[in-house]
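Please read the structure below before turning to the comments.
Only the coordinates and a few stated rules stand behind these numbers; no lab work does. As the structure is a prediction and not an experimental result, all values here were calculated from the model. No Cβ is skipped: glycine too gets one built from the backbone with ideal geometry, and neighbour counts run over all protein chains shown.
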Amino acid sequence: MVHRRVFRMGVLLLAISLLGAAAPSVTAAQRPIRQVVVPEEDRFAPFALTIRAGDTIEWINNDTDDHTVVSDDVFNTAGHNHTDQLLPGTLSNSGNPGTFRLRFTHAGTFVYYCRFHAHLDSANQPVAPGPDGGIQDSNGNFGTPMMGVITVLPAHDD
């Protein structure tokens, strides 16, 4: 009697696992859009984000100043090389935040920065723009480099 119960339980567990494996996968259109926000200051939040291949990132600029999303092609292994997208600030966009979306289709790393607040030196290290560009405060400072990184993992079904 005990053996029959164990056998039935095993059959039931196998059926449940097979049904779970046959469940439809989530399509790209059904996946939530992940967000990177520029708050009312010069930074990307969150700085680092991990997603799955097939996910979409939306950058939202809530700052009054314009910012950009520029790919760091030296470290970029997740596609979208040569990205250089303006994110209008609320002052230049009729009070509305500027937005930009990218869908990542394969695993890798996407390192990006704001060209108004950072650039890469000859050793591919981030530095503030300095006198050749960027936004300078009243004390002559160009601020800290504004950067971010997205790690794209393989899709759930990979």
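Couple of notes before you dig in:
- Tallying residues that are among the hydroxyl-bearing types (S, T, Y) and exposed (fewer than 14 other Cβ atoms within 10 Å of the Cβ) within segment 106-123 yields 2.
- Tally, over segment 56-100, of residues that are out of contact with any His (no Cβ under 9 Å at 6 or more places or on another chain) and closer than 18 Å to I33 by Cβ: 13
- Entry remark, segment 44-62: residues being of a type in the set (D, E) and buried (at least 17 other Cβ atoms within 10 Å of the Cβ) number 1 in total.
- Residue count for segment 33-45, restricted to those that are out of contact with any Leu (no Cβ under 9 Å at 6 or more places or on another chain), touching a residue at least 40 places away in the same chain (Cβ under 8 Å) and of a type outside the set (D, E, K, R): 2
- Tally, over segment 102-120, of residues that are over 12 Å from T68 (Cα atoms) and either charged (D, E, K, R) or touching a Cys at 6+ places or on another chain (Cβ under 7 Å) (or both): 1
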